[in-house]
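Heads up, the thing below is written out as structure tokens.
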Amino acid sequence: MKDKDIVKKNKVKGNIIRIERSSIHDGQGLRTVIFLKGCKLSCPWCSTPESQSFEFEKGYDQRLCTVCGQCVESCPENAISFFNDGLSVSTDKDKCVRCFRCFEVCQANAVKKYGFTVSVDDLMKEISKDEIFYFHSEGGITISGGEPLCQPVFCAALLEECKKVGIHTAMESSLHTSYSSFNKVLPWIDHLYADLKHMDNQMHALWVGESNHLILENLLRADQTDYSYRLTIRLPLIPGFNDTDLNLQATIDFCRKLKKIKEIELLPYHRLGSDTYRLLGLDYKCRELMPPSIDHLDERVAYMNSLSSGIPIKTGSGIT
Amino acid sequence: MPQIKQEKAGLNIDPAYMKRVTFLKRRVLNTRPEMDLENARLLTRGFREAEGEPLVVRKAKAFRKQCYEKTVKIWDEELIVGCSGSKIRAGILCADSCWSVLDEELDTISSRRYDPFNLKPEDRLAFEEEIRPYWKGRSNYEEWLAQIPDDTRTLRDNGVVYIDRKAVRGWGETTAGYEWLINEGLDGIIKTIEDRKSRLDITNSGDYEKDYYLKSLLIIADGMTRLAERYAEEAEQMASREGDERRKGELLEIAKTCRRVPVKPARTFREALQSLYFYQTMIFMEQNAASYNPGRMDQYLWPFYRKDLEAGHITSEQAQELLDCLWVKFSEPCLFQDAQTAEFAAGYPMFQNVCVGGVDDTGKNAVNDLSYMILQATMDVRLYQPSLSVRYSVSKNPNSFLRKVVELIRLGTGFPAFHNDDIGTTMLMNKGVPLKEAYNWNPCGCVETNLEGRMRQYTALADINLGSMVEFALLNGMNRKSGLTISVKTGEPTEFDSYDQFLDAVKKHLAYATRAVVAGSHIIDEIGLNRPVPALSLTFKECIDNAKDYAWGGAKYNVGNGIILIGVADLINSIAAVKYLVFDTGKITMKKLIEALDQDFKGFEDIRKLCLEAPKYGNDDPYADEIAGEVFTYIADEIERYKSKYGTMTPGILPVSGNTPFGLEVGALPSGRKAWQPLADGVSPSGGTDLNGPSAVIKSVAHIPHGRFVQGTLLNMKIEPAMLNSENGITQLMALLKSLCSLGIFHVQFNVIDQETLIKAQQDPDNYKGLLVRVAGYTAYFVELGKDVQDEIIGRTVQHGISLG
């Protein structure tokens, strides 16, 4: 590496929701997780609904709102009005231009802003803050989302910067993207987490809105490359959707084809994201769905193990 | 590490000895603390009988009288015996130093809010008829009240400094030479004293004082010898009456042990433990004080345990039982102090700090089997004493040791206090101890530093309220609560043109308060000359060699007293908010800010929002953290400018519970903290302001120059069950601790956010506003979450069994 490369500023920008430091759930060690904004799938169980839209979004917590009226007054578009006999306020989404003036004036912390733009350079400053923790824990960064590969240039630039300074990299992706996008990040990835939500294409399309073809093809094609990333296939275990013998068997059968696979991880469905649906004013379609019991989870793991694929089956915390 | 403990942790089956330990432990928990005035009565009589002798001789004779005549009791099922007073759980009164403290509280001591002691009518009578009449006008506390300088008194009376602590309780804050006593016995020490005494010639000027001092040490040793004998006699008598053969055998073993130690050198692990505890009760009997620290028990007891084990004299289970029994003994005595001091350090805090781990005097790993067993004793017993500390050397101690430490953290008892070994060594060197000896440092009391049998100091002489310093700078030297101008005048803040002027004002108030405390400290040092402690000095080799008491500077290393800072985060955040809002961004004017503070933000909610959103310490934000580095370097410089007759004055940051009463004296602050609320504790961020997780907290805290705050720095961190309920979590907590050490932070202790806390927070959200939890990849205030999500988080804690820990 030439000296000028070290000092060259990386101005590539991306849109993210937040940075979570010292996470222990998204790869080895203590990790800084970057949640990117925007995803082309629409999984009804999604635990980070604020990551779905590519636009910055406004959240509103009625329980914290003191109905002081400052946001109503401050809105340049007159998009906010009193509502519900003056017990709360309401935003007309058609009028709102997302200037977030209301977010700035709110004193009760009732208005939230989801999304901001950041350069790779600034992000690296944040990431580097935890270098000592990466060192002792063998941790690093994880790009999550949303769907990171909707911003492939940004991801590739960020991952490259990390590798230059010896920081371990991981990415969580649905891989619902073009191979050319995927290929941009492959040289810089140490650990790839890829979701297989359902092996049946019709079910996949019905539930998450898109076909699974791109995902499966991407996995197979990348598997033929010389890149030495570690691959974990993740299966969000959604009761009644993808936890059938048939689907689990199909998942294992597919995974057997992948040379780079190290493990399959089951992430039990959870409802920790339900509060964010409330804040975004979105309908949480899984309201009635109960998380799988520990017994059910153990039994499903046992079933997958009984298929003797030789691939370790693990259960994740399901936090993300 | 002993295999049996591993299995125990895994299977959660209590070994047989836990039956006895549980019995002993319940007795402590079920006994209400009382006042115990037997010692004070005997001491008073002893002083009367020795009228005309030099003070230290009278003190020694009064001590000996206590040893000869005090009640000697051995309680059911005990294996390690000894008690400073006559009652199993009691506070004792040291009449010579502070009789008047009880005098002021005779009617309230039984029912006061912090640390009540039941005072029985017969004890009250003894006090009124015998103790008070003799000591009136003679205590150290009265001397202090007569001599305290005016400006120090004014700051004290307005809650800006707290400086009475040493006048109301005795020396403490020291680590006696336990190892020397255990290895040589009183007989060996007596021989050393006699050798030294024989080299004196009382016709030489100065030798007479030395002669009677050494004589007083011999009187002390005689008293101790007799007291141990009396315990042996009591055990023999009890054995002769005992019908149960098992207990009879135990009593005879106790008798045999007490016949041997502390008079003769200990030969076995059991004798070593008994010798240590005898001495512990005797130095506490001499002077009721917190923080007599047994220190590095895993080092000086290790040869005894290893020898016994190799010879087949003891099993690891038997050794564990003895340790556990000793642990219960440590929890029996209760520190007696006045109501206000109790408020600053609540919970009958004996602070007997035991420490494991670290390095030996060649600098190599010192962890041994006993280190693990001592951690296990705290896991078994789970009482408030001893204060268990770990010296962790990130480069030398093994991961298995760190893992055991994390297993103890998981139990949520708040133990151990985790110390970074390298910084502890640095602190000792900054106190003037060469590296070879500094390797042997031990944590003292709360998080202070010490060196066994060699170091004299008050580690925490006085506390300075840092919240008041900001208040003074914004009110031109006025105290908001009283309306009185009691600090230096630093100018009207509305006329400050720059941040530097404001910071300069804060520094001037810091300098003024430091000066007032130093003046008081010198007086306490002077008064302390009349408070000799020959029983303590007995195990300080240099006290014998110099024929000079610990109280007179006889120890090998004498250190200037400790000045403690309280309200670290409040100070940093307030300075950062003024810099950011008034000078750097101009979002508000100084005038407006002061108006808002005057009204405790009522009607100024917009200003408070800006204050709360200003950069905060604890988030790895250089804006706030650089202020921390600058201001705390200044404070250390300022304190180190002063010297006492014993050495350079020493700074430390350890609130115990003083951040709450100090908070009651401070109005609203630019940090956004409302009036009269508690200040932040130790070097921890203010509650609920650390939004970026544990690594960010650690990075911020690393900006304090820890090694310079030689009386220690205290960090409290909250930890979520997720960090502890899986193998991966345990591994990551280990990595977090290693990182903390690499960053040069001195200390941390953890509060586990358990299921009970979360349920309470759900029911009583107003009192848990700052409780942060992680939810699906983000950090949130628990009370702001919807009930379904709260329930799910509570459910997860249960599911993983953390609450059962």
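Every number in this text was worked out from the coordinates using simple rules, so none of it is lab data. Note that this is a predicted model, so its numbers are computed, not measured. Quick reminder, even Gly has a Cβ in these numbers, built from the backbone with ideal geometry, and neighbours come from all protein chains shown.
The table for this structure:
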quantity	calculated
Among A:LEU282, A:LEU30, A:LEU237, residue whose mean-square fluctuation peaks in a GNM of chain A (springs only between Cα atoms under 10 Å)	A:LEU282
Anisotropy class of the stretch B:631-756 from Cα gyration tensor, a/c 1.5 cut	oblate
Least to most buried among A:PHE56, A:PHE103, B:PHE284 (fewest other Cβ within 10 Å first)	A:PHE56, A:PHE103, B:PHE284
Of B:LYS592/B:LYS616; B:LYS19/B:LYS264; B:LYS73/B:LYS556, pairs whose Cα-Cα distance is over 26 Å	B:LYS19/B:LYS264; B:LYS73/B:LYS556
All lysines inside 19 Å of A:LYS285 as judged from Cα atoms, apart from same-chain residues fewer than 8 positions distant	A:LYS40, A:LYS197, B:LYS787
Amide hydrogen neighbours beyond the local backbone of B:ARG456, cut-off 5 Å, H modeled	B:TYR557, B:ASN558, B:VAL559
Percentage of interatomic Cα-Cα distances in chain B larger than 35 Å	48 percent
Share, in percent, of DSSP beta bridges within the protein assembly as shown that are antiparallel, nearest 5	35 percent
Efficiency of FRET between A:LYS95 and B:LYS481 - r from beta-carbon atoms, R0 60 angstrom, step 0.05	0.75
From phi via Karplus (6.51, -1.76, 1.60), per-residue ³J(HN,Hα) for the stretch B:661-676 in Hz, x at Gly/Pro	x, 5, x, 5, 9, 10, x, 4, 10, x, 5, x, 5, 7, 4, 6
Among A:GLY59, A:GLY69, A:GLY14, residue whose mean-square fluctuation peaks in a GNM of chain A (springs only between Cα atoms under 10 Å)	A:GLY69
Whole-Å distance, taken between Cα centres, linking the stretch A:259-320 and the stretch B:45-94	66 Å
Distance between the stretch A:150-200 and the stretch B:245-319 - C-alpha centres, whole angstrom	62 Å
Charge dipole magnitude, Cβ of K and R +1, D and E -1 - the stretch B:175-323, Cα centre, debye nearest 20	140 debye
The stretch B:454-604, dipole about Cα centre (Lys/Arg Cβ +1, Asp/Glu Cβ -1), debye to the nearest 20	320 debye
Sequence ranges B:507-517, B:226-236, B:583-593, ranked by mean other-Cβ count within 10 angstrom, highest first	B:507-517, B:226-236, B:583-593
Helix-only mean residue ellipticity at 222 nm for chain B, each DSSP H run of n ≥ 4 adding -39500 (n - 2.57), per residue, nearest 500	-15000 deg cm²/dmol
Sites B:LEU691 and A:CYS68 - FRET efficiency at Förster radius 35 Å, r taken between beta-carbons, to 0.05	0.90
Prolate/oblate/rounded call for the stretch B:250-308, Cα gyration tensor, a/c under 1.5 rounded	oblate
9 Å beta-carbon shell around A:VAL111, net charge (K/R +1, D/E -1)	+1
Positive-end residue of B:PHE540, A:ASN242, B:LEU93, charge dipole of the protein assembly as shown with Cβ unit charges	B:PHE540
Between 0 and 90°, nearest 10: helix B:622-640 axis offset from chain B longest Cα axis	40 degrees
For the stretch B:646-805, size of Cβ-based charge dipole, Lys and Arg +1, Asp and Glu -1, in debye	520 debye
Exposure proxy ranking, count of Cβ atoms within 10 Å, fewest first, for B:ARG454, B:ARG296, A:ARG18	A:ARG18, B:ARG454, B:ARG296
Using a Förster distance of 51 Å, the FRET efficiency for A:HIS296-A:ASN109 (Cβ separation, nearest 0.05)	0.85
Quarter of the Cα convex hull surface for the stretch A:1-93, i.e. its orientation-mean projected area (nm²)	11.1 nm²
Where labels lie 7 Å past Cα in the beta-carbon direction, separation of A:LYS262 and B:ASP598 in nm	6.4 nm
Proximal lysines to B:LYS166, defined as alpha-carbon separation beneath 18 angstrom and excluding residues fewer than eight positions away on the same chain	B:LYS645
Potential lengthening between A:HIS213 and A:LYS11 on full extension [0.36 nm per residue; Cα-Cα distance subtracted]	69.3 nm
B:CYS355 long-range amide H proximity, modeled H, under 5 Å	B:GLY295, B:ARG296, B:MET297, B:ASP298, B:SER389
Derived scalar couplings ³J(HN,Hα) [the stretch B:37-43; Karplus, 6.51 cos²θ - 1.76 cosθ + 1.60; whole Hz; x for Gly, Pro]	9, 4, 4, 5, 5, 5, 4
C-alpha long axis of helix B:178-198 to longest principal axis of chain B, angle in °	70 degrees
Selection from A:GLY145, A:CYS99, A:PHE116, by position along the positive dipole direction of the stretch A:88-176 (Cβ)	A:CYS99
Relative exposure of A:MET290, B:MET379, judged by other C-beta atoms within 10 Å (fewest first)	A:MET290, B:MET379
Cα gyration tensor, the stretch B:621-703 - rounded (a/c under 1.5), prolate or oblate	oblate
In degrees, nearest ten, helix A:152-164 long axis to first principal axis of chain A (Cα)	70 degrees
